[in-house]
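Below: the structure, in structure tokens.
Readers should treat all values here as calculations from the given coordinates under stated rules, not as data from a laboratory. Everything quoted here is computed from the prediction, not taken from an experiment. For neighbour counting, all protein chains shown are included, and Cβ atoms are generated from backbone atoms with ideal geometry for every residue, glycine included.
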Amino acid sequence: MEAMRAVVLVTCVISILSGVLDALKPNARFDRQLRLLLSAVFVLGILTPLSQGTAAFQPDWEPDTETAAVELEAAAAQATQKQAAANLEESLEAMLRQHGIADAQAEAEMYISGDNCIEIEQVTVYCTDPAAAEPLLTDCLGKEVKIHVETAS
């Protein structure tokens, strides 16, 4: 901002000086020399504050890439985990509907392991026929996953 003020001030002073000297010029030869001199002063007067402003201007546009990368990776992992859990819940509910358990509601707890694999920790299903749902879920998910089947209220 200071550089722009200096440029405007220099421009005003040179314009006033040019007007005064133009009124005092004695002949045409002096007119050309005066124009050349004032043009040089004008250009230098404008470029000097701009160059000083450019030298002082040091933008900090580079974000902290390491922090940004870690935050982005964590957000992506969380979104992936959430979407995977929603997809598993939807698939389990559809599978139970195909086997005649229409009112089932599934809740899946998942996490992403150290080697970036999605691990199913526990599945809880609420339905009206827990005895029929539990073997279907065990057959679908395996014995490693904790399965809780509860009666829907």
Testing the spin-label approximation: label points 7 Å from Cα along Cα→Cβ at Asp31 and Glu121. State their distance in nm.
9.0 nm
Checking a compactness column here: for the stretch 65-151, what do you get for Rg(Cα) / (2.2 N^0.38 Å), N being the number of residues?
1.29
Between Thr151 and Ala79, what is the spin-label point distance in nm, taking each point 7 Å from the Cα along the Cα→C-beta axis?
4.3 nm
